[in-house]
Amino acid sequence: MSSQQIAVIDYGMGNLHSVASALEHVAPEAEVLVTSDPAQVSAADRVLFPGVGAIRDCMAEIKRLKFDELLREQVASGKPVLGVCVGMQALMDRSEENGGVDCIGLLPGQVRYFGADLKDTDGQRLKVPHMGWNQVHHTHHPLWAGIEQDARFYFVHSFYVEAGNPEQVAGTCDYGTTFAAALTQDNLFAVQFHPEKSHTAGLQLLRNFVDWNGKP
């Protein structure tokens, strides 16, 4: 593989060191840039869009920096784009969090609260946020190459994605309800879990992203 540039979009939300380090680990020949410079993002071969924290704060910074427009341009360019955690939620139409927040709208769907009274199938109370390891049941997609069905990934979230288009769901997870753990549309792929904290399976997904040509 020839040398390539991977841009991790930095809009001031969270420590991006761990995801950048994971990318450097799986792609030592690549140049990984944690950047808030639109020109660097546009020049990169692939883009990772992360996110942690409250959606209102995330969207305020994304819109202030015009990164919603930047992200639309990157997706339209055909290059591979990966959204992670709140980065996935920000791609949807709207979130219930913080009293309701309009998101970027690149993927149809809503972000819902798990609820204060979440229970499993046996009626046992489930803690919110959903935090820790859980299985992901995935569809056929290049980013799942080498990852066994129902592999476990690491989650930390109180809100989940309810997809507007079932055909875009690339992976599901169960936690009191079945929710979209991964979504995809053409060259865009997004996951609710943290691949950089998900050991072997997570690193394999990042490795697949580095090798992905953006085709489904």
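The values are calculated or read from the model by the stated rules, or taken from the named source; none is laboratory data. Predicted model only: the values in this text are computed from it and were never measured. Please note: Cβ atoms are built from the backbone with ideal geometry, for glycine as well, and neighbour counts cover all protein chains shown. Surface accessibility is based on the protein's heavy atoms, side chains included, excluding ligands, DNA and RNA. Shrake-Rupley method; radii C 1.70, N 1.55, O 1.52, S 1.80 Å.
Side notes on the structure shown:
- Sequence ranges 82-91, 30-39, ranked by mean other-Cβ count within 10 angstrom, highest first: 82-91, 30-39
- Each of Gly123, Phe179, Ala145 was placed along the dipole of the chain (beta-carbon charges, centred on the mean Cα), and the one lying farthest toward the positive end is Gly123.
- Within the stretch 126-216: Cβ-based charge dipole about Cα centre, in debye rounded to nearest 20 (Lys, Arg +1; Asp, Glu -1): 240
- Computed label-point distance, nm, for sites Ser36 and Thr139 using a 7 Å Cα→Cβ extension: 3.6
- Karplus-derived 3J(HN,Hα), 6.51/-1.76/1.60, for each residue of the stretch 34-44, Hz, glycine and proline x: 8, 9, 10, 8, x, 5, 5, 4, 5, 7, 5
- The calculated FRET efficiency for Lys63 paired with Val156, based on their beta-carbon distance and R0 = 25 Å, is about 0.55.
- Straight-line cross-link reach from Lys215 at under 28 Å between alpha-carbon atoms covers these lysines, not counting any fewer than eight positions away in the same chain: Lys66, Lys79, Lys197.
- Cα centroid separation - the stretch 133-187 against the stretch 33-103, whole Å: 19
- Residue among Ala76, Gln89, Phe159 farthest towards the positive dipole end of the chain, charges placed on Cβ: Phe159
- Remark: the stretch 42-91 carries a charge dipole of roughly 40 debye about the Cα centre, counting +1 on each Lys and Arg Cβ and -1 on each Asp and Glu Cβ.
- Magnitude of the charge dipole for the chain, about its Cα centre and with charges confined to Cβ atoms of Lys, Arg (+1) and Asp, Glu (-1), is about 160 debye.
- Sequence-distant lysines (8 or more away, or on other chains) whose Cα lies within less than 16 Å of Lys119: Lys127
- Amide proton proximity set for Ala170, modelled H, under 5 Å, gap of 5+: Ala182, Leu183, Thr184
- The portion of the accessible surface of the stretch 87-185 made up by carbon and sulfur, rounded to a whole percent, is 45 (1.4 Å probe; DNA, RNA and ligands excluded).
- Accessible solvent surface per residue of the chain, calculated while the other protein chains remain in place, 1.4 angstrom probe, Å²: 44
- Identified option (computed Cα Rg over 2.2 N^0.38 Å; candidates (i) 1.12; (ii) 0.91; (iii) 0.95): (iii)
- Sites matching GluC sites (Glu not before Pro) across the stretch 118-210 that sit in DSSP coil, with at most 16 neighbouring C-beta atoms within 10 Å: Glu148
- Exposed-loop-free span, longest in the chain, where trypsin sites (Lys or Arg not before Pro) count as exposed if DSSP calls them loop and at most 13 other C-beta atoms lie within 10 Å: 128-216
- Estimated purely from DSSP H runs of n ≥ 4, each contributing -39500 (n - 2.57), the mean residue ellipticity at 222 nm for the chain is -7000 deg cm²/dmol once divided by its residues.
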